[in-house]
1. Can you order the peptides 2-10, 127-135 by their average number of other Cβ atoms within 10 Å per residue, highest first?
2. For Cα pairs less than 8 Å apart in space and 6+ apart in sequence, what is the mean separation divided by the residue count of the chain, i.e. the relative contact order in percent?
3. Helix 293-309 versus the longest principal axis of the chain: what angle, 0 to 90°, nearest 10, using Cα atoms?
4. Given a Förster distance of 51 angstrom, what is the FRET efficiency for residue 193 paired with residue 295, based on the Cβ-Cβ distance and rounded to 0.05?
5. Take every Cα pair under 8 Å in the stretch 29-145 that's 6+ residues apart, average their separations, divide by the length, and report that relative contact order as a whole percent.
6. Taking square-rooted eigenvalues a ≥ b ≥ c of the alpha carbon gyration tensor, is the stretch 33-105 rounded, prolate or oblate, where a/c under 1.5 means rounded and, failing that, a/b exceeding b/c means prolate?
7. Using only the alpha-carbon atoms, how far is helix 413-426 inclined from the longest principal axis of the chain? Give it as 0 to 90 degrees, nearest 10.
8. So how do 136-143, 333-340 stack up, highest first, on mean other-Cβ count within 10 Å?
Amino acid sequence: MIDAARLKRQLSSLPTRAAESGDAEAWGKNELPELPTELLPDISEQVRADVERVARNCSSAGPQIVETIKYGTIGSVNWGGDSDGADALLDQTDLEGLAEEILESALYRGVMDGIVRRGLDGVVRIEPLIGHTEPIYAPDSPVEVVGYVHAWTVENGQGAAKWTVRVWDFTENRMLEQQGLSDPSRFDLDAAADTAVTATPEYPDGPPVPAFVLTDLARNRLPRGFFVKLLPLIKGDWVSQVRGDRTEEATAFPQLLIKGLVESGTSERSPTHIIRVDGEHGGAEFMMPGDLSQMHNHHDRKQERLRADAMMPGGFMGGRQAPSGEALREMNAKFINMCKRYANRLSRVLTMLTEQYAAAHGVQPPGPVIVTINREFEREAEAQRIVTLWREGLIEFGAAVRAASVLVPTWESKAVEDWIRSEAARYEAPTLEPGALDPADDQPAPAPAGG
């Protein structure tokens, strides 16, 4: 059963978690409600207008991360089974679009969910749950889910948003709802029970129940989106963009410095005007730009940390230094594993939703829905594995060529052979500098002849 006191405590902190995931979504879509100048606290008022102008041309790395995960995770969406009725229903349903929306929402909220419900027009649809959702655990177990909460805000036209809180009680097979709450913690489980939706002739098995799969959890085992964890790094990257662009705009080109009294009539500054100054006590010179490489290196380190924590593929955010072949292989492997993890969870939640969808239409349910990751990344990883096996002497060159030819069937054998050799060369150990210790024998590398 749902413990009323524990539910109240959970709902009291729900607005904080909802605001956190809402902030993550704003950065993930680069749709900030206002310019986050609070991230630039040490900007003086004299230059704030210029900084804000530069900041409007800087963007969050969020959309790039989100689109890369969606592109890598959702290669195709298929289902099995031999139900002609379910096939006809799902052929008319945009399952790939639904999968993308559920996946992106999970990146912000930490849970994939949706519901099959009948709209006001009488049409049964599969819909994602919009708002904030999280499970309700049993009083005596941190893993047993006994209910589900769905909360969202509604503007009342007077500037104050009111909460609608909907709770599914799985132990009683009922749905409870209260509207117009100033705070979710004001939800009264006993009062809502008087108007609870239970089994009806329309829903003999009880009200529609959401299908959900948790993807990322906080310490209290409530959902916390993967993107929320990345948010400090994403904001840090944005701040570096603003500061870097502002610095380059102000100092990255020669600037004319004039000192002394300027004669009258020379107040205009342009290439076509002569500026006259008192030659005895004045003068003019150009200030040359300083070295900005340290600032760029600092930003590159921030981007590399963001790329690593987001488990993006190699070369994702560019950078002035290309990663080594081994580093690229590791980056791509981590990214592929993350995409497979999300694809498996999407398959589970879509399977539950399609089964409910078929039942609502009175047809035999389809087989499991299978979300397959984008094969382009897997193909690259498999090609690198083949090269590594040949380079390490574990397979013959002919076997490597035959295996790689399957991945690129349009290539001639000579092109495949040349590609394998060129890829293997990228993995070779770097040439040691004269005097450096060779790790193979702990002896200094010989100096070049004539050196």
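1. Numbers: 2-10: 15.2, 127-135: 20.4.
Highest mean packing first, the order is 127-135, 2-10.
2. On the way: 631 pairs, mean separation 81.5, N = 451.
With pairs under 8 Å counted, the relative contact order is 18 percent.
3. Compared with the principal axis, the helix lies near 20 degrees.
4. Details: r = 61 Å, r/R0 = 1.19.
The computed FRET efficiency comes out at 0.25.
5. Working: 65 pairs, mean separation 17.3, N = 117.
Averaging sequence separation for qualifying contacts and normalising by length gives 15 percent for the stretch 29-145.
6. Working: a/c = 5.70, a/b = 4.33, b/c = 1.32.
Prolate shape, in that a/c is at least 1.5 and a/b is the bigger ratio.
7. 70
8. On the way: 136-143: 12.9, 333-340: 18.4.
Going from most to least packed, we get 333-340, 136-143.
Every read-out reported here was derived from the displayed coordinates using simple, explicitly stated rules and does not represent laboratory data. It should be emphasised that the depicted structure is a prediction, and the values quoted were computed from it without experimental measurement. Neighbour counts are summed over all protein chains in view; Cβ atoms, including those assigned to glycine, are modelled from backbone coordinates with ideal geometry.
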